[in-house]
Amino acid sequence: MQTSGDGSFGTLPQIAADIAARIRANRPAVHCITNTVAQNFTANMVLAIGATPSMTLSVDEIASFVVSSDALLVNLGTFDPERRATIDIAVSTAAEGHKPWVLDPVFIERSPLRAVLAHDWAGRKPAVIRLNRAEFRVLSGKDASPETLAAYADKYATVIALSGATDLVVDAKRRIMIGNGHPMMAQVTAMGCAISAITAACLAVESDPVTASAAALLMAGVAGEIAAEQAHGPGSFAVVILDALSNLDAAGLQHRAKVM
Amino acid sequence: MQTSGDGSFGTLPQIAADIAARIRANRPAVHCITNTVAQNFTANMVLAIGATPSMTLSVDEIASFVVSSDALLVNLGTFDPERRATIDIAVSTAAEGHKPWVLDPVFIERSPLRAVLAHDWAGRKPAVIRLNRAEFRVLSGKDASPETLAAYADKYATVIALSGATDLVVDAKRRIMIGNGHPMMAQVTAMGCAISAITAACLAVESDPVTASAAALLMAGVAGEIAAEQAHGPGSFAVVILDALSNLDAAGLQHRAKVM
Amino acid sequence: MQTSGDGSFGTLPQIAADIAARIRANRPAVHCITNTVAQNFTANMVLAIGATPSMTLSVDEIASFVVSSDALLVNLGTFDPERRATIDIAVSTAAEGHKPWVLDPVFIERSPLRAVLAHDWAGRKPAVIRLNRAEFRVLSGKDASPETLAAYADKYATVIALSGATDLVVDAKRRIMIGNGHPMMAQVTAMGCAISAITAACLAVESDPVTASAAALLMAGVAGEIAAEQAHGPGSFAVVILDALSNLDAAGLQHRAKVM
């Protein structure tokens, strides 16, 4: 991917528009293991970007669903023993089928058990780990900086997508900063979980996880900015971001992108 | 019911308006066993049509809830062992109490286990089975046609409500086609599940399952068309379909109905 | 608290505005044990008032989450064995940490098991029990009146917040009536559950449970009235009440309050 502006492989907004077009054309199946708080909004965000979500958490069914999916999201919110067994099977099935998966270690700073399990799963080659600064600190034992993120990504052969006022996508060698988004995104529950699911949808059609993650964060951030211009509060914001994501086009991405 | 146009027993739009009025007057209790993705939207759709939803999935409580309900929805999404036991008790309790129930065998084409269980439950006399073509193929082993649907309905003493661009309601002898609806309905998660719950609400006040199913599909399809005229994308569509369903009146049903 | 109008300690609208400001400034953590139907809307209502929700139901994690929370909601909807164990741990942990908690005994009139357990938990010193008339009748064996409510509150050292056309907040000695709200609030699923969560958010920053409960009911009722003026049905109502709650200010509370 080329984001330095010379355009030889296209800029991130162009690439993101192309990824969105591929998602809409191919309607990839994205299986989402996520908490019950987030399931409905996540499914609607995945539909809005043009992919097909499935959400079962059943131990008995998860392998069938992952085998017939194009990408997997593993979000740790509202944890329980059956969910843990489900995640283990899902991650193994994804590995066997060479399907990309995203780990979203929600709230590991609030639960020691969750932190231990997140650490284990982070070592099982997720294509992308999407988290915030507090979660990275618990997962890695270090404060997030370009260097610590790159070292972690290198050690675990993964990509880190760090959310914040400016999002940062890092692998061992590359680094992309995305300055899009709006503070109102933090006032809607499951917004982060849903963006992780959009990352999985992008991975379903784009093999480079740095590109897929950066595209997902750009799409979500731009949709959030459009939504903030139309919304009167967090209720209407959660509605119009779905409309904005569904109506996202290359011109809007190009016009609004803040990529470094 | 009379849908041939001579009006002797009323046309489907008139009957649907009457059923909606009975639901609003009697506020029947509809117990919904449905997946956690669909629960909130389903409950709000049931409330919008004027009925009272309950949603518990607990093995220990399901019998109490079904006994005090007027109709039951059994949706197979996001399956787990406890849910299966809950469904078994719910279906038995409904049978003992002569309460109508709707089977919605979601995603059985993605899970062999789910297909086996759906086949078993389909034989336990649901008033209506609501499904799409892929699900019918797995359930019956045949492609959906008016003949295969009628044969299946006859064999299992049930009514098939097949969703699609045109919905089809079939029992052993009767057939109604409903051409209402909008493609945006497929972009909102749980829309199908919620329409199955509305079917259960109609069954709570209308003893003929062909009439109840056709009325439910007409109400939902017309509400979807009204919503599509006001919505700017799938987010606002999911909001305004609730408004439209709540405000549905006889004139709107009559004016928009495409029934054959 | 002073609600008799002499203003010596401020009137309820002033106090409610102050509580809302404290919530927005301190962003208290509110852990919500609630049914899966209600989780998403409840989390968004808690965010809209300015607090930080968490929603895990896991037996293994609940103690960690309650320890790091400022208040707890225990809602009995969609019950199951694991949820019961989770509630037991949560209530014990809250007691040890002197954290206020709200009991919302949803649907106990539909399930004898739930009624038995609700009775037990009501005896474990919730700061507030929020329920409707049917639920109070099952819990106390008596019809709700100012006298029976006060007697119950006295016996169990709690505060009763009775919902209805006029809400009533009662402890052994005090009584506040709040006439705000709108009938459309009953057409949105989980509205009551969410208001109980807002009560928990108020308890996180206000130590007097009568004041906290009355403030929560006033905030929710006023937000509901504002939403009803803008909504076209229950779908848009559920959206704009979130906007209204987020934008609630002292002038709106003062202008609209119906407190006796």
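Taking the label point as lying 7 angstrom from Cα along the Cα-to-Cβ axis, what are the distances from A:D143 to the corresponding position in the remaining copies, in ascending order and in nanometres?
Reported distances to equivalent positions: 6.6, 6.6 nm.
At 7 angstrom along the Cα-to-beta-carbon line, where would the label on A:D18 sit relative to the other copies? Give the distances in nm, shortest first.
Label point to label point, same position, other copies: 6.1, 6.1 nm.
A:K155: which lysines have alpha carbons under 17 Å from its alpha carbon, excluding same-chain residues fewer than 8 sequence positions away?
The reachable lysines, counting only those whose Cα sits under 17 Å from A:K155, are A:K125, A:K142, A:K173.
Mean residue ellipticity at 222 nm from the helices of chain A, using -39,500 (n - 2.57) per DSSP H segment of n ≥ 4 over the full residue count, to the nearest 500 deg cm²/dmol?
Mean residue ellipticity at 222 nm (helix-derived): -16000 deg cm²/dmol.
Classify segment C:107-260 from the C-alpha gyration tensor, please: rounded if a/c falls under 1.5, else prolate or oblate depending on whether a/b exceeds b/c.
The shape class here is prolate.
Compute the Cα gyration tensor for segment C:1-120, then decide on rounded, prolate or oblate, letting a ≥ b ≥ c be the square roots of its eigenvalues: rounded whenever a/c is under 1.5, prolate when a/b is larger than b/c in the other cases, and oblate in all that remain.
It comes out prolate by the Cα gyration axes.
Can you name the residue in chain C whose Cβ lies closest to the C-to-B rotation axis, and give that gap in whole Å?
Here the nearest residue and distance are C:T36, 3.
Do any residues of segment B:80-110 show a loss of at least 40 square angstrom of accessible area between the isolated chain and the full protein assembly, using a 1.4 Å probe, and if so which?
Those residues are B:F107, B:R110.
Which far-off residues, 5 or more places away or on another chain, put their amide H under 5 Å from the one on B:N180, with H placed in the peptide plane?
B:D167, B:K258
Could you order A:R133, B:R22, A:R114 so the one with the most accessible surface comes first? Probe is 1.4 Å.
Putting A:R133, B:R22, A:R114 in descending order of accessible area: A:R133, B:R22, A:R114.
Provide the net charge surrounding A:K142, with neighbours chosen by a C-beta distance below 13 Å and charges set as Lys +1, Arg +1, Asp -1, Glu -1.
0
Count charges around C:A194 for me, please; just the other residues with Cβ under 12 Å from its Cβ, Lys/Arg as +1, Asp/Glu as -1.
0
If Lys and Arg each add +1 and Asp and Glu each add -1, what is the summed charge of the other residues whose beta carbon sits under 10 Å from the beta carbon of A:V59?
The answer is -3.
Write down the accessible area per residue of chain B in Å², having rolled a 1.4 Å probe over the full set of protein chains.
Value for chain B: 34 Å² per residue.
At a probe radius of 1.4 Å, figure out the B/C buried accessible area, summed over both chains, and give it in Å² to the nearest 100.
Separately minus together, B and C give about 1900 Å² buried.
Counting only protein heavy atoms and using a 1.4 Å probe, what share of the accessible area of segment A:75-215 belongs to carbon plus sulfur, as a whole percent?
Answer for segment A:75-215: carbon and sulfur cover 55 percent of the accessible area.
When only the heavy atoms of the protein chains count and the probe is 1.4 Å, how do C:M260, A:M191, C:M185 rank by accessible area, highest first?
The ranking, largest first, comes out as C:M260, C:M185, A:M191.
How would chain C be classified by its alpha-carbon gyration tensor: rounded, prolate or oblate, with rounded meaning a/c under 1.5 and the a/b versus b/c comparison settling the rest?
It is rounded, given that a/c, with a ≥ b ≥ c, falls under 1.5.
Under a crude label model (7 Å from the Cα following the beta-carbon direction), how far is C:T166 from A:N247 in nanometres?
About 4.6 nm, to one decimal.
The values are calculated or read from the model by the stated rules, or taken from the named source; none is laboratory data. Here the structure is a predicted model, which means the values were calculated and not measured. Every residue, glycine among them, receives a Cβ derived from its backbone with ideal geometry; neighbour counts consider all protein chains shown. For accessibility, only protein heavy atoms count, side chains too; no ligands or nucleic acids. Shrake-Rupley method; radii C 1.70, N 1.55, O 1.52, S 1.80 Å.
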